[in-house]
Each structure stands twice: as structure tokens, then as C-alpha cells.
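Presented below is the structure to which this report refers.
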Amino acid sequence: MRLLCFSDLHRDVIAAEKLVDRAREADFVIGAGDFATRRIGVADTIDVLKQIQTPVVLVPGNGESFDELHDACKDWQQARVLHGTGCEINGQSFWGVGGGIPVTPFGDWSYDFDEEQAEKMLADCPVGAILVVHSPPIDTVDHDQSGQIRGSRAIRDAVERLSPAAVICGHIHSDWEKSVILGTTIIQNAGPKGVMVELDFPPH
């Protein structure tokens with residue numbers, strides 16, 4: 001199973017066009033948030049990505065809300081927008097939680113949640129699902145430019161408890177395209193260029 005994973009486009013239409021081309025090689029396309037910049041322009045990249053015919057799973061980042069992303073995707077039949085929710089496509093379970101977790105220092109525009117809210121949104125994630133989150137699990141692919149860890153404790157706890165088939169995230173730009181293994185789970189910080197992740201199917 002081949003997953004084309006990306007995050008943090010931030011209105012970059014050229015990067016979105018390249019992802020459209022690469023999507024033909026994938027079984028699923030996963031977008032881990034931040035299509036817009038500071039809640040502006042979510043449709044800029046979504047309108048390009050709508051050309052993708054492969055099944056697509058998206059979560060909002062902290063740069064757009066769930067409602068803003070859902071509205072931008074409403075006529076895109078291949079896309080599922082998740083946030084504290086899941087879906088099953090072609091026999092594979094997905095669960096998604098978007099937004100910045102924990103709350104970022106960016107102010108009112110940022111679409112953020114605290115760890116307690118995140119824990120509740122992760123509670124019903126099935127064992128072995130592909131988990132799509134904007135924020136990484138803490139102390140994985142979440143090291144900022146100064147070396148500080150910026151990820152989520154609630155997401156890490158869910159990974160350790162549920163052993164997802166994979167965790168696809170973004171948010172921390174300095175760790176784009178990096179991956180680590182947590183338990184048996186690959187944690188992939190995707191980035192805007194896109195990363196192809198290959199998984200055994202079924203994963204367990």
C-alpha cells in the first residue's frame with residue numbers, strides 16, 4: 001500500500017500541482033493540514049488538488065479550521081475531511097485529528113487545541129488505523145529550529161496505546177520529510193514536497 005503524504009502547503013500552488021502528478025502512483029493521498037496561511041486562502045491549493053482521482057484523506061492544520069477546509073472540499077468527491085472522526089476506504093481505517101496541539105503561541109488566528117481536547121478526539125481511534133494528525137507526537141519528528149520538542153503528549157499516548165499502521169503529520173517545518181519508528185509505528189512528518197510511504201496491507 002502506497003501513501004502519498006504531504007503537509008504545510010501554505011497556499012503553494014506549484015507544490016500542489018506536483019502532488020497531483022505524483023498521486024497517480026499512490027493508493028491513497030494524505031494531507032496533514034495547513035493548506036492555508038493564517039486562515040487565508042485555503043481554496044488556493046485545494047482547487048488544484050481537486051484534480052486528484054485517488055482516494056484522499058485530509059485534516060485541517062492550525063492555518064485553517066475544520067469548517068473552512070470542509071467547505072473548500074465540499075464538491076471534491078475523492079476527499080474525506082476528518083477531525084476527531086474516522087472513515088474506512090477500500091478496507092483501510094483512517095482516523096484524523098487536526099489543528100495545532102498543544103496550543104501554539106501564534107495567537108487568535110491559529111486553530112489550536114489543548115492536550116485534554118486532543119485526548120477526547122483520539123479516544124475512538126481504532127487499533128491499527130492510519131492516524132492523520134497535523135501535530136506530531138511529542139519527541140518524534142517535532143524538533144523546531146532551536147531543538148525544542150513541540151509535539152503532542154496526547155497523540156504520543158494514543159500511538160503507544162493503539163499501534164496505528166502509520167502516523168502522518170506535519171506542522172514542525174524543520175522536521176519535514178523526517179520519520180521515526182515509535183513502537184511498531186512509522187511516524188512521518190510529510191512536508192509540502194510529499195513523501196511516499198509504503199505499508200504492508202493488511203498492516204497487522
Practice item. Return a yes/no flag: does segment 177-186 have any residue that is within 13 Å of the chain's Cα centre (by Cα), part of a strand (DSSP E or B) and either among the basic types (Lys, Arg) or closer than 18 Å to Ile30 by Cβ (or both). Key: no
Study note, to complete from the structure: Listed by first then second residue, the pairs whose first member lies in segment 89-108 and is more than 26 Å from Val29 (Cα to Cα), whose partner is of a type outside the set (S, T, N, Q) and in a loop (DSSP other than H, G, I, E, B), with beta carbons under 6 Å and at least 6 positions apart or on separate chains, are Val103/Asp114
Check your understanding: What is the number of the single condition among (1) at pLDDT 95 or above; (2) out of contact with any Lys or Arg (no Cβ under 7 Å at 6 or more places or on another chain) that Gly107 does not meet?
Key -> (1)
Check your understanding: Can you name the condition, by its number, that Ile149 falls short on among (1) at pLDDT 95 or above; (2) over 16 Å from the mean Cα position of the chain (by Cα); (3) aliphatic (A, V, I, L, M)?
Key -> (1)
Practice item. Filter segment 29-88 down to residues that are among the acidic types (Asp, Glu) and part of a loop (DSSP other than H, G, I, E, B) and give me whichever is surrounded by the fewest Cβ atoms within 10 Å (Cβ to Cβ). Key: Asp75
Check your understanding: Out of the residues in segment 1-26 that are under 17 Å from the mean Cα position of the chain (by Cα) and in a loop (DSSP other than H, G, I, E, B), which is farthest from Gly61 (Cα to Cα)?
Key -> Ala26
Exercise for review: Select from segment 19-28 the residues that are without any contact (Cβ under 8 Å) to a residue 60 or more places away in the chain and touching a Leu at 6+ places or on another chain (Cβ under 8 Å) and write down the one among them that is surrounded by the fewest Cβ atoms within 10 Å (Cβ to Cβ).
Suggested key: Val20
Point to revise | Sole residue being aliphatic (A, V, I, L, M) and either crowded, with 24+ Cβ neighbours inside 10 Å or at pLDDT below 95 (or both), chosen from Ile138, Ile181, Ile155, Ile186 | key: Ile155
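The values are calculated or read from the model by the stated rules, or taken from the named source; none is laboratory data. Fair warning: this is a prediction, and the values are worked out from it, not measured in the lab. A quick note on method: Cβ atoms are made from the backbone with ideal geometry, for glycine too, and the neighbour counts reach across all protein chains shown.
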